Amino acid sequence: MANHTYQTYTDEVQLEAFRADFIHRDAICGALEKRYPGLAAIGADANAVVAQIDSRRNELQKAEDQQIRARAIEDAEKLDVLDVYTELRRTMAVKNPKEVLTLLPDAPSALRRTTAAAFTERAGAAISNLKSLPEEHPLRLAFLKKLEIELGEFHDADKKEDLARLALQSGKVALTLYKSELSQSREAQLGAIQSLLKDREKTALFTLPWRKARKSSPAAAPAEAETTP
C-alpha cells in the first residue's frame with residue numbers, strides 16, 4: 001500500500017479497529033490543531049464517535065451477558081426436571097420395575113444430552129404416561145404435580161433464552177449496519193482533512209491500517225495487511 005493512500009474500512013473490520021482508528025485521528029488532530037485550527041472540529045467529531053462506539057459495545061456486551069445467563073438458568077431448570085424424573089424412575093424401578101420402560105423409557109443421562117425442544121417433548125411424554133395411571137396411584141400422586149411444575153419452569157426459561165439469543169443476533173446484525181455508518185463517518189473526516197491539508201500523504205497519517213482476520217486454523221500465521229486503498 002502506497003504511503004499516500006489509506007485503506008477503506010469495511011464490515012469485515014473489527015469494531016476495536018474502528019475505535020482505534022478514531023482515537024488515533026482524534027489524537028493527531030489535537031496535536032496539530034495549533035498549526036491547522038480546522039482539525040479541532042474533526043478531532044472532536046472523532047472523539048464523539050469513540051464515545052458512541054463504546055456505548056454500542058456496552059449494549060452488545062450486555063446482550064451477550066444476558067444470553068449466557070439465560071442459558072445458565074435454562075440448564076438449571078433442566079437439572080430440576082431431571083432430578084424429579086430420576087427420583088421417579090428409581091422409585092418405579094423398585095416398586096414397578098416392569099413399568100419403567102413403558103412409562104419412562106428415556107434414561108436421565110440420555111435426556112440430559114438432548115436439545116431443549118427434544119427435552120420438552122420427552123419430559124412431556126413422561127407426564128402424559130403418568131397421567132395414564134389411575135388418579136389414586138401412589139406414583140402419580142407423588143410425582144405428577146412436581147414434574148409438571150418443574151417442566152413448566154424449564155419451558156419458561158427456554159422461552160427467555162430464545163428471546164435473549166434473538167436479541168443478541170439482532171444486535172450483531174445491527175452492528176454490521178453500524179460499521180457502514182462508521183465507515184462513512186471515517187471517510188467524511190478524512191475527506192475534510194484532505195480538503196484542509198491538500199496533501200494525500202499527510203492525510204494518510206490520520207488513519208490506521210487494519211488486518212483482515214484469516215478464516216483458518218488457530219496455528220495459522222497472522223494475516224498480511226490488506227493492500228486495497
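Once the Kirkwood radius over Cα pairs is known for the chain, the Stokes-Einstein relation at 25 °C and 0.890 mPa s delivers a diffusion coefficient of 109 µm²/s. The mean sequence distance of close C-alpha pairs (under 8 Å, at least 6 residues apart), as a share of the length of region 15-205, puts its relative contact order at 27 percent.
Taking the Cβ of residue 182 as the centre, find all other residues whose Cβ is under 13 Å away and add up their charges (Lys, Arg: +1; Asp, Glu: -1). Net charge around residue 182: -2. Here the chain has 54 percent of its accessible surface on carbon and sulfur atoms, given a 1.4 Å probe and all protein chains in place.
The values are calculated or read from the model by the stated rules, or taken from the named source; none is laboratory data. This structure is a prediction, so every number in the text was calculated from the model and none was measured. All Cβ positions, glycine included, derive from the backbone under ideal geometry; neighbour counts span all protein chains shown. SASA here: full protein model, heavy atoms, side chains in, ligands and nucleic acids out. Shrake-Rupley method; radii C 1.70, N 1.55, O 1.52, S 1.80 Å.
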